[in-house]
Structures are given as structure tokens and as C-alpha cells.
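Scroll down for the structure; my scribbles are underneath it.
Computed from the coordinates by the stated procedures, all read-outs in this text should not be read as laboratory data. These numbers were taken from a predicted model, which means no experiment stands behind them. Ideal geometry is used to build each Cβ from the backbone, glycine not excepted, and the neighbour counts take in all protein chains shown.
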Amino acid sequence: MNQRCNLLPITGNPPETIVERKSFIRSEYYINRELSWLEFNHRVLEEATDPTNPLLERLKFLAIVSSNLDEFFMVRVAGLQDQVVAELRKKDAAGLSPEEQLKKIAERAHRLVSDQYRHLQEQILPELEAKGIHVLRYKDLTGLQRAFVENYFEHTVYPVLTPMAVDQSRPFPLLANKSLNIAVFVESKTHLTCKPNLFAVVQVPSVLPRFIEIPYAEGKAFVFLEDVIQSHLEDLFRGNQILDSSIFRITRNADLTVDEEGAEDLLEAIEKELQKRKWGAEVRLEVEAGVSDAMKDYLKADLELDDEDIYYIPGPLDLTAFFRIADLPGYDGLRHEKMVPQEPVDLIGEKDIFAAITKKDILLHHPYESFEPVVKFVMQAARDRQVLAIKQTLYRVSGDSPIISALAEAARNGKQVTVLVELKARFDEEKNIAWAKMLEKAGCHVIYGLVGLKTHAKITLVVRQEAGHIRRYVHLGTGNYNDTTARFYTDFGLLTCDENIGADATDFFNEVTGYAVPAKWRELEAAPLGLRKKLYDLFEREIALSTPDKPGHIIAKMNSLTDASIIQKLYSASCAGVQIDLIVRGMCCLRPGIPGVSENIRVISIVGRFLEHHRAFYFQNGGKEELYLSSADWMGRNLDRRVELIFPVKSSELAQRVKHILDTMIKDNSKARRLQPDGTYVRVERNGEESVQSQSYFIRQSRRRNRRARLPAAQGQQGTVKDILH
């Protein structure tokens, strides 16, 4: 539908359209952020129930749901609970107070967990058993299997266990975040105490494998460690009778609070806060279904939790343990066919990456194309005698990062190496502190970001001396410099030696490492100062150029859309007749399809084999199309409280390629779900059309492009971009 509504003055709009702007500040126009996130996790759960996915991939999705929920409770729910304690009653854009949000979250999360475990018990476990992978209960073991487990318990498990009694002299133990525990009621057989029931806790040791593999005639068989311990409680409490026991797990507030202004040493301050993360306030209790009222009441009272914070689990607690089963060797037939990232077409036959970049800008599409060129870019810079300096931002890196090794080598080789390591990257703080210290020892100049801001931008600048002049090479990305996640996160990377982008990169690093402020950006734009305004200008231009005969068009691909002001701009554009396609993987607070407000807005979410992570923005611009890539989602934190970058795809050939990628995603009718006005998602209907699964298409396309590019190379010819694309 192409519909206009009344607008205030906007630069370039015809005078007849300049009247009163419609107000979009109404709570019914917005979806609550937390409920939207839970709907995203439901879409992840749908992948676990989708029979077209291989069995072990479905099991992995089931584990991802649990991992996602852990972080959600540790950060988002914990934050809302803090607001309630502080008696903050400010409502969100959807009109919900913190208390109302917690109530709705509990209702939706309980249903989600119930669906998750029902599918585990009714579908996944029976199908695993049919394929020869058995998850057994201790009580169901054969004599031979039980003897094996008894021996393992006696020699491996028992020496590690420490039963902790709770009485007047021994208070309830402070249990670590996400640790698995067994609550026990015992009665003394010696009657040395007047108390009829004594309480104790046994922590399931995380240093031992959660799954114990046991002998089985055919296939694989496992029993849970906590099941074995629970079956041997009498060995731990000799002289006592076990009256009752239940497995439970606590989730704690794990968000860091660091006073950056008052911290003399940010690294040291964060190190101290990391120690507190394990012991934050309790926000959720997971306990076995069937737990006795006495046990439940004891735990609830001691942990000071409400009924809605207690989750009764009809199966094994913490399904992230199933990642191990999903990765079992020897069962490749139960997984997706292994995908080998392809060598980017523009780098086939190129030994010198700087020479290749000099010829043309190079677009990388991960994971379909290899992340290796990014690693090679930094490694070659580290060893190249003509390279004078390397500057890079690091947000999250892998455990054994070749990027880190290359930067350290560059410093040892006498290069000027500046690395901005973001210490506040949530749940990666400890790793980043270790990398920062290692890089400092190697001679790198390490900076820990800006006070009050997270540096989320992904940029590398290499300064090289060539034939008497300086040339700057730049890598810009939508994702982290992490060679591990680059295998299953979708991201874009751009390698360029464009002079304006190089000059902007220099200004960017001068700004974040010193006090310099760019007089004016040439091609880039950065948050928190100008990125929001840049987006506003692009929206307003699209509105100004849109006509009933030739409506404007915006396509935006991102992880999350939660910023109310951005949503209002999109509503304005919709009312002006601009056609808007949003591809938002996770949270989306915008409501599409509201009559007179968002009828021209369509929102889809793609959840599939790979984590959709890239951010790309297309503007039709009256026929003079523009494409931008960015490190930033359209969230308040990205636009106002982080250092982010947006950058143009200047090459028309590469812009054409990115547009084709976005168009393919919009056509996805296999893994895409469409957002409804009520905040729920439904699968995109095919209506007799051929199946389109964008991620599978990109796998095939990258292989096809690679083969076609190699053919003329082998013949000593050079294929055109048109040959390669088509």
C-alpha cells in the first residue's frame, strides 16, 4: 500500500505535503523490547522443532534456547528487578512499568520453557535413541553399566564432592551463578540433634563432564553426572537417612557496574567487578519438577525469590550440556553438510593482499566467504617492511586469535601498533583483559576505550609507505575480528584503500586515542556524535524524493530495532509512501501494519543455520541508489552510548552485490518469519512459489562464483564481474 499522511516541513518536500506531522508517541505503536526478545527465542525454538533440520542441529538449537535464556535473565530481567527495588516506575515506549514487564516476561518465559522441554522429551530424545544415542537414567542401567558407573563415582566423582550442611553455625552457602546443585533433607540416624530435618547442599562439580559415557552394545549411551551423584547421596551423608533431594540451579544478576569516572585504573576496576559477577543477586531458580513443597519453600525463602521466579523443570536442568552431544564425532549424517568458506573471487590468484586492494575495493561476505583474508591482511602488514603502522579496534576475539598474534608480531617487528581493546564487551571482559596485557607486553600501545562508552566499531587501518608516498589500507566490518564466530555469523567486510576512507580512518583513531575531533567526515560517520543524524538525513531525503508514482524504498538489515526515535522516523517515511523492508533478526519494537501509521512497513526475521549478524542499509534515493554497512544496530545504546561506524559501499559493482543479497533475504520463504501487528511472528507463506532459503542460496552462490572465477583464471583470462555474478 502506498499511503501518505500529514507532514511538518521537511527539506525538499513539495509545499502541498507540508502540514501537521502525525504524532507517533503512543504506547500502542510499540512492542515491548523484552517480550520481543522472548519471541525471538521462540523462533530459535521453532528451529529445534523443524523436521527439515538435521537431528543434531535441532538439538543444538534446543541448547541455544537455554543459553539465550541464561543471558536474558542475568542481564535484562536482573536490570528490571533492580529498577523495581529502586522503586523506579518509568514506563517504556510500550507503556509498561518494570513490574508489569516482569509479570509479562514470567508468563511468556514459563510457556517457552514448557514448550522447550516438551519437545525434548517427546521428540528429540526418542529420535536420538532411534539413531543410537541414548541418554539414560541411573535407575534404568543394567548391572554391567551400573558397575561401570559405581567405579567411576568412587574413583573420580566422590573425591571431588563436598557436602555442605546448613545450620546455625553454617549458613546457606553462596552458590556460584549457573552452578548445578542438589538440595538435600536428611535425618540423623544417631539422633544427636533435636532437629528432625537437616538441610544440606551438594554442588555438582563443573570440572567434571556433565555426561558420563557408559558401555552400550550399539551406539553411544550417557548418564547425567547429577543423576549419579543424587543416587549416591547416602555415601555422602553416612549415618543419616536421605529424606528428600532435588536438583536446582540459580541464575544471578551478572551485569557489571563500573564507575569509570572514579576508577584510576579501568582494567583493575573491571577485574574486581568480574569477581562479583558470580555472586550477584538471585534472579531465577530452576528446580526439578515434582520437587516437594517443603523443599521448594525452603529454597524460595532462603533465596528470597517470588513464585514467578521459580521454574519447575520436567527434565535435565541446563540444556546447554547438550552442546557436547550435538558435537559428537561419528554422526556427521545427523548434521548439516559441512560448509567450507570460499576464497573471495577478487582474491583468487592474488598473493599480495595490498596489491589486490589497490586494484579495487573487495567485499567479503562471511561465513560464505572465508575470514582468512582479514587475518592475512593483518599478518602481511605485520611482516611487510613498507608498513609503518597498524591501528585496530578489538571487541570480541577468539580464544587463540591469529589477529592478536599478528599484532604482537608487528610490534616486535618495530611497527607502530595501536590497539583499542574494549574491556566492557559483556561476558568477554576476562578474555579481553588477558589479550590487552599480552599485547602491552609485546610492545603494542593498548587503549581501553572512552569513558562511559563502549567501542563497538570494527576497523583496521594499515599505513604503508609506497614509492615515496603514504597509502592507507582499511578494513571495515559489521562483525568482530573473531575467526571462530566468522564461521557461523553472517557479516560483511570491506577492504579498501580509498583516500577519503583512509583519511577518515586516521581521524577516527586520532579521536578515540587522543583529543582530536574531525572537522568533517568525508565518507564515514560515527556514533555517538553523528551517526543518528546521518540516518535521520537519509530518512528525510527518501521522504522528500518519494512520489505516489515513484515511491521511495528503504531496506534495512540489522540484529535489533528498539530505538523509539528511529521507529518514529520510519513511521513518518511509511506515511509519506516510502516502501520499507526491514530484516531484523532479534528484537523489533516497531509494529508493522498499523492503519495510517505503518502500512508500508514489512518486517521479517530470518533464523537459520547461521546467526544473522550483518547490518546493511539501502536507500533508493530517487534512483541514485546508496548502500551503507555498519557496526551499529538501530538501538539507543548503539546510537548514543557506543562508538560505532557507518560506511558507504562506493563501488557500484559491490553495491549491486549487496542489494542482491538483501533482495534474496526479502524473498526467503523457508526460514523467514513475518512480524504481525500484535507482536507475534508467522512463517512467510509460499503461495505456490518455489522455496527460497537465503542461507542455502548464498552457500551455493559462493561456490558457483568461486568456480566461475577460477575458470578464466586457469585459462589465463580475466572474467568480468557480470560473468561472475550471473
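Place a label point 7 angstrom from the Cα of residue 529 along the Cα-to-Cβ direction, then list the residues of the stretch 437-460 whose backbone nitrogen is under 13 Å away. Of the residues in the stretch 437-460, none has backbone N under 13 Å from the label point off residue 529. Per-residue Karplus couplings for the stretch 322-338, computed as 6.51 cos²θ - 1.76 cosθ + 1.60 with θ equal to phi - 60°, are listed in order as 6, 4, 5, 5, 4, 9, 4, x, x, 10, 4, x, 9, 10, 4, 4, 4 Hz, Gly and Pro entered as x.
Using the Cβ-Cβ distance between residue 660 and residue 179 with R0 set to 45 Å, the FRET efficiency works out to roughly 0.40. Among the GluC sites (Glu not before Pro) in the stretch 320-373, those placed in a DSSP loop whose Cβ has at most 15 other Cβ atoms within 10 Å are 337. Straightening the chain between residue 170 and residue 400 buys 78.6 nm, computed as 0.36 nm per residue apart minus the Cα-Cα spacing.
Amide hydrogen proximity for residue 180: with H placed 1.01 Å from N in the peptide plane, the residues at 5 or more positions away or on another chain lying under 5 Å are 204.
The label-point distance for residue 292 and residue 207, in a model that sets each label 7 Å from Cα toward Cβ, rounds to 3.2 nm. Calculated mean residue ellipticity, 222 nm, the chain: -10500 deg cm²/dmol, from DSSP H runs (n ≥ 4) at -39500 (n - 2.57) each, averaged per residue and rounded to 500. Size descriptors for the chain, from the alpha-carbon set: Rg then Dmax equal 28.1, 93 Å. Between the amide H of residue 672 and those of 684, distances stay under 5 Å, these residues lying 5 or more places away or on another chain, with hydrogens modeled in the peptide plane.
Exposure proxy ranking for 574, 66, 27, based on other Cβ atoms within 10 angstrom of each Cβ and starting from the fewest, stands as 27, 66, 574. Karplus-derived 3J(HN,Hα) values for the stretch 294-299, using 6.51 cos²θ - 1.76 cosθ + 1.60 with θ = phi - 60°, are 5, 5, 4, 5, 5, 5 Hz; glycine and proline are entered as x. For residue 612, the residues whose modelled amide H falls within less than 5 Å of its own, excluding neighbours fewer than 5 places apart on the same chain, are 490.
Spatially, the stretch 66-89 and the stretch 663-690 are offset by 31 Å when compared through their Cα centroids.
Inter-part distance, the stretch 348-383 to the stretch 443-467, computed on C-alpha centroids, equals 19 Å.
For an R0 of 45 angstrom, estimate the FRET efficiency from the Cβ-Cβ distance between residue 513 and residue 652 and round to the nearest 0.05. My answer for the efficiency is 0.85.
A rounded overall shape is assigned to the stretch 345-520, the ratio a/c of its alpha-carbon gyration tensor axes (a ≥ b ≥ c) being less than 1.5. Ordering 407, 174 from the fewest to the most neighbouring beta carbons within 10 Å gives 174, 407. Net charge near residue 152: determine it from the other residues with C-beta under 11 Å of the C-beta of residue 152, scoring Lys and Arg +1 and Asp and Glu -1. Spelling it out: positives minus negatives among the neighbours equals -2. Distance between the pseudo-spin-label points of residue 469 and residue 441 (7 Å out from Cα toward the beta carbon): 4.3 nm. Bridging of residue 441 to lysines at a Cα separation below 26 Å is possible for 272, 376, 391, 415, 424, 431, 454, 458, once same-chain residues fewer than 8 apart are set aside.
A Förster radius of 51 Å combined with the Cβ-Cβ distance from residue 388 to residue 243 puts the calculated FRET efficiency at roughly 0.10.
Extension gain for residue 137 to residue 708 (0.36 nm times residue separation, less C-alpha to C-alpha distance): 200.2 nm.
Give the separation of the Cα centroids, the stretch 213-231 to the stretch 108-163, in Å. A separation of 6 Å, based on Cα centres. Mean sequence separation of contacting Cα pairs (under 8 Å, at least six apart), scaled by the length of the chain, corresponds to a relative contact order of 13 percent. Computed 3J(HN,Hα) for the stretch 115-132, one whole-Hz value per residue from the Karplus formula 6.51 cos²θ - 1.76 cosθ + 1.60 where θ = phi - 60°, is 4, 4, 6, 4, 5, 4, 6, 8, 10, 5, 4, x, 5, 4, 4, 5, 8, x, glycine and proline marked x.
Spin-label model, residue 689 to residue 351: label points 7 Å out along the Cα-to-beta-carbon direction sit 4.8 nm apart. In terms of its alpha-carbon gyration tensor, the stretch 645-693 comes out oblate; a/c meets the 1.5 threshold, while b/c is at least as large as a/b. For the stretch 570-726, the relative contact order comes to 18 percent (Cα pairs under 8 Å, sequence separation of at least 6).
What is the extension gain from residue 147 to residue 413, computed as 0.36 nm multiplied by their sequence separation minus the C-alpha to C-alpha distance, in nm to one decimal? Mind dumping the intermediate values first?
Details: separation 266, 0.36 × 266 = 95.76 nm, distance 5.92 nm.
Length gained between residue 147 and residue 413: 89.8 nm.
Among the GluC sites (Glu not before Pro) within the stretch 124-220, those in coil by DSSP and having at most 13 neighbouring Cβ atoms inside 10 Å are 218. Sequence-distant contacts, meaning Cα pairs under 8 Å at least 6 residues apart, place the relative contact order of the stretch 29-170 at 23 percent.
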